[in-house]
1. Starting from segment 211-238, take each residue that is touching a residue at least 60 places away in the same chain (Cβ under 8 Å) and within 19 Å of T262 (Cα to Cα) and list its partners that are of a type in the set (K, R) and open to solvent by less than 20 Å² (accessible area, probe 1.4 Å), counting only C-beta distances under 6 angstrom and pairs at least six apart or across chains.
2. When you go through P65, P109 one by one, which is the residue that is in contact with a strand residue (DSSP E or B) (Cβ under 7 Å, 6 or more places away or on another chain) and either in the same structural domain as M47 (by the TED database) or part of a helix (DSSP H, G or I) (or both)?
3. Looking at G157, G126, which is the one that is in a helix (DSSP H, G or I) and at pLDDT 95 or above?
4. Look at segment 182-209 and say how many of its residues are open to solvent by 20 Å² or more (accessible area, probe 1.4 Å) and without any contact (Cβ under 8 Å) to a residue 24 or more places away in the chain.
5. Just the residues that are within 22 Å of the chain's Cα centre (by Cα) and buried (at least 18 other Cβ atoms within 10 Å of the Cβ), please, taken from segment 104-115.
6. Just to verify a result, which residue in segment 231-266, among those that are at pLDDT 95 or above, surrounded by 17 or more Cβ atoms within 10 Å (Cβ to Cβ) and not hydrophobic (A, V, I, L, M, F, W, C), is nearest to D299 (Cα to Cα)?
7. Going by what's in this entry, would Q186 be described as in the same structural domain as G287 (by the TED database) and touching a helix residue (DSSP H, G or I) at 6+ places or on another chain (Cβ under 7 Å)?
8. In the set L274, L269, which member is over 22 Å from F149 (Cβ atoms), open to solvent by less than 60 Å² (accessible area, probe 1.4 Å), touching a helix residue (DSSP H, G or I) at 6+ places or on another chain (Cβ under 9 Å) and not in a helix (DSSP H, G or I)?
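The values are calculated or read from the model by the stated rules, or taken from the named source; none is laboratory data. Keep in mind it's a predicted model, so treat the numbers as computed, not measured. A quick note on method: Cβ atoms are made from the backbone with ideal geometry, for glycine too, and the neighbour counts reach across all protein chains shown. With ligands, DNA and RNA removed, areas are computed over all heavy atoms of the protein, side chains included. Shrake-Rupley method; radii C 1.70, N 1.55, O 1.52, S 1.80 Å.
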Amino acid sequence: MTESVIQQKITQSKNQLTAQQQVRRLIWKISIATFILMAIGSATRVMDAGLACPDWPLCYGQIVPSQQMNLQVFLEWFHRLDAALIGLSTLFLAGFSIWYRQSLPRWLPWASVLAVILVSLQGLLGGLTVTELLRFDIVTAHLGTALLFFGLLVGMGTALLPYQGTTTAKKLPWLGGIAVALVYGQSLLGGLIASRWAVHQCYTGSQLCSVMNSHLLGVLPASLATLAVVIFSWRTPALHPALRKISNASGVLLILQILVGTATFHFHLQVEPLTVTHQAVGAALFGGLVAYTVLAVRDAMTSSQSV
């Protein structure tokens, strides 16, 4: 092999590494912005600010409604601003991934296009929440799509991290995947309770108690699945430190989520910071389990390749 060919391969390898680093950083930035967006969306809902801007996509027919600005209008307006920036960033991510597809994993452009589809659907649902006057099914779907988008970004970012598996996580991908699905379902039930004000209606008029109880019952399978991830990670010898750290963090988030959820129900969702924290911790737990599952899959793939 000539020196020029070697130099060409070195340059190509550096370009691939640079492209992956750039796209990975962009994905994590969008992930953080999406997490903040969901927290702001929760604050918007509990502060009764969902219709603070009566029109869409503008607010009082303006890009910045300076004359009408108050806390509620600001929450709804900032929520839309963050969503718009995330949408534009996701479009850039897809364009970057397609343009530099030769230097990136084959799955990345497809995943980026899927992210564009999800964020577009999220924007459409966001508009419908206003035009349909906060219809509970649309509000719940809005949250569900946001979590899917957030989970996809976390999965993409985790898949691009430098990682050398230890070939010990054989059954852990299944445990992680089950926990992800159950926590996602529990988050949807929580969103349904919030959008229908089920706790308040159950305590004051004995209505929608079945909706509230379904969320309470859903705590058990989601918690057991997350605990299984933590326990089996402890019991797996020579597990990669990253997997062990994420499983430990998931256990801490689970305990925090149960404590905050208990306090939230005790105060009938009347303490806004508790409700927002409950939503944020749930999203963080979901994202952590997604990252855990992706790393566990990479570890299992390393095991199969080494056989």
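1. none
2. Numbers: P109 fails: in contact with a strand residue (DSSP E or B) (Cβ under 7 Å, 6 or more places away or on another chain).
It is P65.
3. Details: G126 fails: at pLDDT 95 or above.
So the residue among G157, G126 that is in a helix (DSSP H, G or I) and at pLDDT 95 or above is G157.
4. Within segment 182-209, residues that are open to solvent by 20 Å² or more (accessible area, probe 1.4 Å) and without any contact (Cβ under 8 Å) to a residue 24 or more places away in the chain number 7.
5. Those that are within 22 Å of the chain's Cα centre (by Cα) and buried (at least 18 other Cβ atoms within 10 Å of the Cβ): L108, P109, A111, S112, A115.
6. S247
7. On the way: in the same structural domain as G287 (by the TED database): yes; touching a helix residue (DSSP H, G or I) at 6+ places or on another chain (Cβ under 7 Å): yes.
Taking the combined requirement at face value, the residue satisfies it.
8. L269
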